[in-house]
Amino acid sequence: MREILIADDHPLFRDALKHALSQAIPDALLLDADSVPALQTLVEAHTQADLLLLDLQMPGANGFSALAYMRGQYPGLPIIVVSAQEEAATVRRAIAHGASGYIPKSASVETIGEAVRRVLDGDVWLPPHLAATPAALKPDEVNVAARVAELTPQQFRVLGMIAEGMLNKQIAFELGVSEATIKAHMTAIMRKLGVSNRTQVALCASQLALDPGAVARVAHVAD
């Protein structure tokens, strides 16, 4: 039996994906998550999953950060990006980051089924009107993606909250830990990303945003 994971924070779209997948692969076991933390738990419990359908923007994800992280942690798991973003440049970046396919959220049930079957067969699938020669990523983006992939699950969660502009005390409250624990995570994150302060951590995270030129929101915490 095929195990297919669905990660999207919109319940109606998750249901639509399940409907499309149940038609395309009737005997598949479909499992879903509505955030990156929930996805991390799901993948840890289903390490032999056959496919992941991943939204680019959901709680805990900032652009291509979740894709880069999942590709690094689970290199054998094929990933199809499912997104409302349909720009050719976004599609090319997703493929360059290791996605095996890209399905626009406007796609029909038949198109979703075709894409999933093709990727499960080992192919890379793109909708014909979005197909383009894959573009090479900028060196800085490649470097950040590789370093993000080395973070632990908790460190990745902290990084996502930093990218959202949250303060250490807010992150600590959200995760149910002490501020000292968050500061320890920050130290480890800075070491793994090769930077020396919180501002640079946020700027690293912004390299994986859908708009790579966007300025990251930075939260400053007093020592």
Checklist entry - Is one or more of the residues making up the range 163-179 in a helix (DSSP H, G or I), modelled with pLDDT under 90 and buried (at least 20 other Cβ atoms within 10 Å of the Cβ)? => result yes
Checklist entry - So how many residues does the range 49-99 have that are at positive phi and in contact with a strand residue (DSSP E or B) (Cβ under 8 Å, 6 or more places away or on another chain)? => result 1
Checklist entry - What are the residues in the range 32-54 that are in a helix (DSSP H, G or I) and among the hydroxyl-bearing types (Ser, Thr, Tyr), if any? => result Thr41
Next on the checklist: Condition check: under 30 Å from Leu203 (Cβ atoms), without any contact (Cβ under 8 Å) to a residue 12 or more places away in the chain and not assigned by TED's automatic domain parsing to the domain that holds Gln73. Does Phe156 satisfy that?
Outcome noted: no
Checklist entry - Out of curiosity, is Glu114 under 27 Å from Glu86 (Cβ atoms), surrounded by 16 or more Cβ atoms within 10 Å (Cβ to Cβ) and more than 22 Å from the chain's Cα centre (by Cα)? => result yes
Next on the checklist: Looking for something buried (at least 20 other Cβ atoms within 10 Å of the Cβ) and modelled with pLDDT of 90 or more - is there at least one such residue anywhere in the range 25-32?
Outcome noted: no
Checklist entry - For the range 141-153, what are the residues that are assigned to a helix (DSSP H, G or I) and out of contact with any Pro (no Cβ under 9 Å at 6 or more places or on another chain)? => result Val142, Asn143, Val144, Ala145, Ala146, Arg147, Val148
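Yes/no matrix, rows are residues, columns are (1) touching a helix residue (DSSP H, G or I) at 6+ places or on another chain (Cβ under 6 Å); (2) assigned to a loop (DSSP other than H, G, I, E, B):
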{"site": "Pro59", "(1), (2)": "no, yes"}
{"site": "Gly63", "(1), (2)": "no, yes"}
{"site": "Met70", "(1), (2)": "no, no"}
{"site": "Gly76", "(1), (2)": "no, yes"}
{"site": "Ile80", "(1), (2)": "yes, no"}
{"site": "Thr90", "(1), (2)": "no, no"}
{"site": "Ile103", "(1), (2)": "yes, no"}
{"site": "Ser106", "(1), (2)": "no, yes"}
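The values are calculated or read from the model by the stated rules, or taken from the named source; none is laboratory data. Values in this document were obtained by computation on a predicted structure and should not be read as measured data. Positions of Cβ are generated from backbone atoms using ideal geometry, with glycine treated the same way; all protein chains shown enter the neighbour counts.
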